[in-house]
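**Student:** Supplied in structure tokens, the structure appears directly below.
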Amino acid sequence: MSFFQDRCSSQVLLSRFRSSWLRRVRLHADRRGPFSEPSLKQWRSAEGSARAEAPAKAEAGHYVRVENAPDGQSRGFTLIELMVVISIMVILASMGLAQYRNSIVHANEAVLKEDLFRMRDAIDQYYADKGQYPTSLDSLASEGYLRKMPDDPFTKSSSSWQAVPAEPDPNNPGANTGVFDVKSGSDAIALDGSKYADW
């Protein structure tokens, strides 16, 4: 127990002892006439007793921290009060953490929508230029329609994209149909309840 806590606890006990003593003195004076206030020796004896009891009181959790009250006396915060404050802080921190995680998911969803738009637009440009769909998604990057294949923001990989093949040509069913569409390879659920793989 630190010296500051011992000192503060002693002041608390001494203040309460003095208040109680003065109440008894005034009550005795009202009933039986004048009565002298405690002598200096008695005050010092009471202060010594309060200092001796302070460490035990502080270790028992009666007084954790002492501050000056508006009326000039001193009071301490109990462990119950501190537990209530800590509980409120934990609840607020949990709410802030949930909002932070949702903001990260929102940002990743925006990145996914942008990547899908860019790759689908590149597929359309490829078909408009060559009259056929690309044989693979890597062809978009190798032939200059994309600078590089983006990473899926949820799988953190550029090789997890799911290519959707085009419908086969009835006149040439064995020919390579190419990539008609692209979807995310993540099986996670979006904030709106849909699957990223269905976007």
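The values are calculated or read from the model by the stated rules, or taken from the named source; none is laboratory data. Quick caveat: nothing in here was measured; it's all calculated off a predicted structure. No Cβ is skipped: glycine too gets one built from the backbone with ideal geometry, and neighbour counts run over all protein chains shown.
Residue-by-condition table, conditions (1) over 36 Å from the mean Cα position of the chain (by Cα); (2) small (Gly, Ala, Ser):
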{"site": "ALA93", "(1), (2)": "no, yes"}
{"site": "GLN99", "(1), (2)": "no, no"}
{"site": "ALA107", "(1), (2)": "no, yes"}
{"site": "PRO134", "(1), (2)": "yes, no"}
{"site": "SER139", "(1), (2)": "yes, yes"}
{"site": "GLY144", "(1), (2)": "yes, yes"}
{"site": "PRO150", "(1), (2)": "no, no"}
{"site": "SER160", "(1), (2)": "no, yes"}
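**Student:** Right, something else. Any chance you could count how many residues in segment 161-199 are closer than 19 Å to ARG120 by Cβ, free of Cβ contacts under 8 Å to residues at least 12 places away in the same chain and in a loop (DSSP other than H, G, I, E, B)?
**Tutor:** The qualifying residues number 1.
Residue-by-condition table, conditions (1) among the aromatic types (Phe, Trp, Tyr); (2) touching a Pro at 6+ places or on another chain (Cβ under 7 Å); (3) in a helix (DSSP H, G or I); (4) surrounded by 11 or more Cβ atoms within 10 Å (Cβ to Cβ):
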{"site": "SER94", "(1), (2), (3), (4)": "no, no, yes, no"}
{"site": "ASN102", "(1), (2), (3), (4)": "no, no, yes, yes"}
{"site": "GLN125", "(1), (2), (3), (4)": "no, no, yes, yes"}
{"site": "GLN132", "(1), (2), (3), (4)": "no, no, no, yes"}
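Yes/no per residue for (1) modelled with pLDDT of 95 or more; (2) among the hydrophobic types (A, V, I, L, M, F, W, C); (3) touching a Lys or Arg at 6+ places or on another chain (Cβ under 6 Å); (4) surrounded by 10 or more Cβ atoms within 10 Å (Cβ to Cβ):
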site	(1), (2), (3), (4)
ARG147	no, no, no, no
PRO165	no, no, no, yes
PRO170	no, no, no, no
PRO173	no, no, no, no
ASN176	no, no, no, yes
VAL179	no, yes, no, yes
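**Student:** Those residues that are touching a Gly at 6+ places or on another chain (Cβ under 9 Å) and touching a residue at least 40 places away in the same chain (Cβ under 8 Å), I need them from segment 140-159; list them, please.
**Tutor:** Listed by number, the residues that qualify are ASP152, PHE154.
So that you can scan it fast, the table gives a plain yes or no per residue for (1) among the hydrophobic types (A, V, I, L, M, F, W, C); (2) assigned to a helix (DSSP H, G or I); (3) exposed (fewer than 11 other Cβ atoms within 10 Å of the Cβ); (4) modelled with pLDDT of 95 or more:
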| position | (1), (2), (3), (4) |
| --- | --- |
| LEU97 | yes, yes, yes, no |
| VAL111 | yes, yes, no, yes |
| LEU116 | yes, yes, no, yes |
| SER136 | no, no, no, no |
| ALA141 | yes, yes, no, no |
| SER159 | no, no, no, no |
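**Student:** Tally the residues that are basic (Lys, Arg) and under 22 Å from TYR196 (Cα atoms), restricting the search to segment 122-181.
**Tutor:** 2
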